Amino acid sequence: MALKETVSGFRGTFGNEPGENLTPYEIVNYAATYGNWLNKQFTNPKIVVGRDGRITGKIVSELAINTLLSMGIDVIDLGFSTTPTVEMAVTHHGATGGIIFTASHNPKEWNAFKFLNQNGEFLSANSIQLLLDNLQKKNHTFAEVTSLGVRTKIDNEHIYHIQKVLEDELVDAELVKTAKFKVVVDTINSTGALVIPELLEQMGCEVILLNGKIDGEFAHNPEPVEKNLRALTKAVVSEKANLGIAVDPDVDRLVFVSEKGDFFGEEYTLVAVADYVLSKKKGTVVSNMSSSFALADIAKKYDCERFESPVGEVHVVKKMKEVGAVIGGEGNGGIIYPPLHHGRDAIIGIALFLTYMVESGRKASSLRNSYPSYYLSKNKVTLPQERINEVVTRLQDKYKKYKTNTDDGLKIYLDAGWVHIRASNTEPIMRIISESTTPTVAENLSEKIMMDIGEMAF
């Protein structure tokens with residue numbers, strides 16, 4: 001069991017001993033710390049909350065909501081929702097912040113708080129650090145009985161989300177209807193089942209839903225990667241479907257399966273959507289430093305520039321705003337489309353991809369084959385926290401003849417590909433991610449760096 005309170009957020013495995021796990025003590029403290037932070041910034045704050053389909057979702061949300069109400073904060077409660085829907089609801093309802101109760105792709109034992117600002121975007125690392133600094137102080141102020149917050153329940157916010165997606169100028173639902181697609185969707189027993197089938201039906205698709213019961217009893221490991229989606233790939237083939245779609249429990253990551261049952265590749269979700277967006281609207285694109293170089297190839301195709309950011313959605317969004325990006329995201333299947341909102345959103349990603357398929361007249365397999373193939377190798381090395389900075393500095397010196405980027409650990413641009421070395425925010429390890437045009441070379445690049453680290457650290 002575990003509890004992780006870092007600048008990446010607050011999360012833990014539910015139950016057991018306070019101080020080491022996510023228990024009611026931690027839940028109330030997290031909510032009160034955030035509420036105190038809001039009360040210092042705003043007069044009469046109002047926040048939006050929503051939760052994914054996890055077993056502990058109702059317990060966690062009720063404890064947090066009642067804590068916030070007792071601090072005089074009004075709460076708009078969406079109940080079951082998706083992360084991007086809550087993000088959009090913050091600005092839709094003129095709120096001053098928000099919380100999503102979700103542990104994203106983590107197993108069912110986990111739950112977490114995702115905190116939002118008044119723009120419906122994740123809190124910055126500095127703001128999260130302020131919350132961390134105040135967690136142990138417990139100097140919270142609660143409202144008098146005449147000044148308690150008011151709770152408003154909204155059960156259909158996803159309808160607004162779908163409406164805004166279908167109204168987007170690059171989404172053509174009427175065109176997609178002409179294709180009469182059959183689509184198999186795996187919503188992993190969570191809140192994607194609320195919104196994705198409805199979106200697809202409004203775009204004229206026949207929907208075959210897998211794992212659509214929202215009960216948090218995840219039918220498989222909830223991370224939407226190839227090894228966890230065998231049932232989806234088989235169903236696409238057996239149903240003679242045009243496309244397979246999978247999301248994670250809070251619906252901010254999106255992956256596809258082609259009509260042949262082949263995994264499209266989570267790195268290529270962003271590549272394909274960016275290809276379509278840039279064909280309509282040229283501009284800069286952004287992905288994090290551990291995402292595939294294939295996005296740079298797509299940007300070059302349209303004489304556009306790709307920028308890199310540190311890993312993490314908040315960093316991608318910051319860079320996108322700095323450079324005025326028209327599309328961005330992360331290589332884990334995260335699409336960030338600024339005309340809708342600055343947050344990873346599988347819903348808009350689906351609509352843009354379907355429109356592109358029909359407009360281009362290409363099947364999913366044909367689209368995937370049109371992109372250059374790169375191969376990622378992901379590894380990690382256990383290393384004491386106090387040695388990490390020293391090792392990174394020594395690696396930078398050893399590879400000083402190559403171009404490097406130190407915005408997030410160290411990225412080395414080698415002749416055969418690149419290697420990104422960064423410290424984990426939650427564990428005493430260094431992550432080593434490499435990419436090249438063949439799996440063997442990608443593995444060799446990582447192995448060489450791991451050997452270097454071994455020689456430097458021990």
Across region 283-303, which residue is surrounded by the most Cβ atoms within 10 Å (Cβ to Cβ) among those that are outside any loop (DSSP other than H, G, I, E, B) and polar (S, T, N, Q)? SER287
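Within region 268-282, can you find the residues that are assigned to a helix (DSSP H, G or I) and more than 15 Å from ILE336 (Cβ to Cβ)?
Passing the criteria: TYR268, ASP275, SER279, LYS280.
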Return the only residue of ILE100, ILE59, ILE76, ILE47 being among the aliphatic types (A, V, I, L, M), surrounded by fewer than 22 Cβ atoms within 10 Å (Cβ to Cβ) and not assigned by TED's automatic domain parsing to the domain that holds LEU254. ILE59
Do the conditions hold for LEU130, that is, is it part of a helix (DSSP H, G or I), of a type in the set (A, V, I, L, M), on the phi < 0 side of the Ramachandran plot and touching a helix residue (DSSP H, G or I) at 6+ places or on another chain (Cβ under 8 Å)? yes
How many residues does region 265-292 hold that are under 19 Å from ASN228 (Cβ atoms) and touching a Ser or Thr at 6+ places or on another chain (Cβ under 6 Å)? 1
Out of ARG11, ARG54, I need the residue that is closer than 22 Å to PHE218 by Cβ, among the charged types (D, E, K, R), assigned to a strand (DSSP E or B) and not assigned by TED's automatic domain parsing to the domain that holds ASP186. Which one? ARG11
Take the residues in region 72-91 that are over 18 Å from the mean Cα position of the chain (by Cα) and among the hydrophobic types (A, V, I, L, M, F, W, C); name whichever of them is farthest from ASN156 (Cα to Cα). ILE73
When you scan region 147-220 for helices (runs of 4 or more DSSP H) that lie fully inside it, which ones turn up with 2 or more residues that are among the β-branched types (Val, Ile, Thr) and buried (at least 18 other Cβ atoms within 10 Å of the Cβ)? 157-167, 192-202
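The values are calculated or read from the model by the stated rules, or taken from the named source; none is laboratory data. Not measured: the values here are computed from a predicted model. So basically every Cβ, Gly included, is an ideal-geometry build from the backbone, and we count neighbours across all protein chains shown.
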